[in-house]
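The values are calculated or read from the model by the stated rules, or taken from the named source; none is laboratory data. Since this is a predicted model, take the numbers as computed values, not measurements. Cβ atoms come from the backbone with ideal geometry, glycine included; neighbour counts cover every protein chain shown.
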Amino acid sequence: MNITSLRRLWFSISAALVLASLAVVGVFGLNLGLDFTGGARWDVQFEEPTTAAELNSFFANRPELSQEVAIQASTDNTYLITIEDLPDAEIQTIGTALAAEVGAYEQTSYRKVDSAIGQSFKQKSLYAIATALIGIILFVAFAFRKIPAAINPWRFGGVAIMALLHDIIIVLGIFVLLGALLDVELDLPFITALLATLGFSVNDTIVVLDRVRENIRLQKANETFEDTVEKSVQQTLWRSLNTSVSTLLPLIALFIFGAESISFFVLALIVGILIGTYSSIFLAAPMLVEWKLWADKK
């Protein structure tokens, strides 16, 4: 299959995925986790059968609370309760009243994040992603600086960044949809998975672009730039696929058999690697060809 010649098909698929992801984000919004919103969260296991309706009724009558309480039911009469950021004394008062009015319980875990710290985490996460993207485009442009002027080394950095933005938007859209359907939250582990996806994807993309650079030097007189790019993609195709599969296999095993607490973090890595592999092979190099053809027409 000539991948580069079918670039309009890949562009259409990517555009549809990106637009769908942006639409999902616009409709449902970001379901930010405790790391970014601040608040308190604890797992409680009640000694007697308890319903979510009883818990909702209890928290609805608490004057200390100005925001809705999130309650997630689990197995064995266990609930995950998330409330807004309150002083420790007020949270203890709520906990005591919960035991008295709803029923005795055992607290299996407790975590509290100050709202100011949550805002700081949010800003630093955005800075981390922006810094990674800027660093990548500068590094790629520098690494490919000896490319002939007719090709323009900045295009290599540009297509790498466009492929990465494509990956970020689609992964974000998938997890926003999961947040709407399964109440999956965007938290610090998700940001970690997103940054790991950037690293994996750009590594794969640079392998392809580096082969393009080498083949440009060896380009024959009867070869077009599109021919050279296609040759480079074919030469690196199986290397990219083998790397992705060997990375995905342990992640899939971890997702199936690992702890539930890290399942969505592992899922974010799996989705990121799949999307990153696709963009490296079917998007980055074809965009380089399309950009060159567009520039030559000007």
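Looking at Phe144, is it within 20 Å of Met287 (Cβ to Cβ) and touching an Asp or Glu at 6+ places or on another chain (Cβ under 9 Å)?
Details: within 20 Å of Met287 (Cβ to Cβ): yes; touching an Asp or Glu at 6+ places or on another chain (Cβ under 9 Å): yes.
Yes, satisfied.
Would you be able to tell me the number of residues in the stretch 28-57 that are free of Cβ contacts under 8 Å to residues at least 60 places away in the same chain and either surrounded by fewer than 19 Cβ atoms within 10 Å (Cβ to Cβ) or not hydrophobic (A, V, I, L, M, F, W, C) (or both)?
10
In the set Val245, Val212, Val208, Val271, which member is in the same structural domain as Ile174 (by TED's automatic domain parsing), touching a helix residue (DSSP H, G or I) at 6+ places or on another chain (Cβ under 8 Å) and modelled with pLDDT of 90 or more? Steps first, answer last, please.
On the way: Val245 fails: touching a helix residue (DSSP H, G or I) at 6+ places or on another chain (Cβ under 8 Å); Val212 fails: modelled with pLDDT of 90 or more; Val208 fails: modelled with pLDDT of 90 or more.
When all the criteria are applied, what remains is Val271.
For the stretch 175-196, name all the residues that are buried (at least 19 other Cβ atoms within 10 Å of the Cβ), among the small types (Gly, Ala, Ser) and farther than 11 Å from Asn31 by Cα.
The one that is buried (at least 19 other Cβ atoms within 10 Å of the Cβ), among the small types (Gly, Ala, Ser) and farther than 11 Å from Asn31 by Cα: Ala193.
Between residues in the stretch 126-144 that are farther than 25 Å from Leu32 by Cβ and in the same structural domain as Val207 (by TED's automatic domain parsing) and residues that are of a type in the set (Val, Ile, Thr) and not in a helix (DSSP H, G or I), which pairs lie under 9 Å by C-beta distance while being six or more apart or on different chains?
Close Cβ pairs (under 9 Å, with a partner that is of a type in the set (Val, Ile, Thr) and not in a helix (DSSP H, G or I)) amount to Phe144/Ile151.
Identify the single condition in (1) in a helix (DSSP H, G or I); (2) surrounded by fewer than 20 Cβ atoms within 10 Å (Cβ to Cβ); (3) more than 12 Å from the chain's Cα centre (by Cα); (4) among the aliphatic types (A, V, I, L, M) that Leu172 does not satisfy, given that it satisfies every other one.
All conditions pass for Leu172, except number (3).
Could you please let me know if Ile216 is more than 19 Å from Ile136 (Cβ to Cβ) and within 20 Å of the chain's Cα centre (by Cα)?
Criteria not met by Ile216.
So which residues in the stretch 11-49 are assigned to a helix (DSSP H, G or I) and among the polar types (S, T, N, Q)? Don't jump to the end; show me each part of the working.
In the first step, residues of the stretch 11-49 are kept if they are assigned to a helix (DSSP H, G or I); the result is 11-28, 34-37.
Scanning the stretch 11-49 gives Ser12, Ser14, Ser21, Thr37.
Name every residue in the stretch 122-157 that is small (Gly, Ala, Ser) and buried (at least 18 other Cβ atoms within 10 Å of the Cβ), in order of residue number. Even if it seems obvious, please write down each step before you answer.
To start, the set of residues in the stretch 122-157 that are small (Gly, Ala, Ser) comprises 125, 128, 130, 132, 135, 141, 143, 149-150, 157.
Result: Ser125, Ala141, Gly157.
Please return the ranges of strands (runs of 3 or more DSSP E) entirely within the stretch 50-157 where 1 or more residues are over 27 Å from the mean Cα position of the chain (by Cα).
Numbers: elements: 70-73, 78-83, 105-113.
In the stretch 50-157, 78-83, 105-113 are the strands (runs of 3 or more DSSP E) which contain 1 or more residues that are over 27 Å from the mean Cα position of the chain (by Cα).
Output the residues belonging to the stretch 85-98 that are buried (at least 16 other Cβ atoms within 10 Å of the Cβ) and either of a type outside the set (Val, Ile, Thr) or under 13 Å from Asn56 (Cβ atoms) (or both).
Asp85, Leu86, Gly95, Leu98
I need the full set of residues from the stretch 244-255 which are of a type in the set (S, T, N, Q) and either surrounded by fewer than 17 Cβ atoms within 10 Å (Cβ to Cβ) or over 16 Å from Ile281 (Cβ atoms) (or both), in order please.
The first filter runs over the stretch 244-255 and keeps only residues of a type in the set (S, T, N, Q), leaving 244, 246-247.
Within the stretch 244-255, Ser246, Thr247 qualify.
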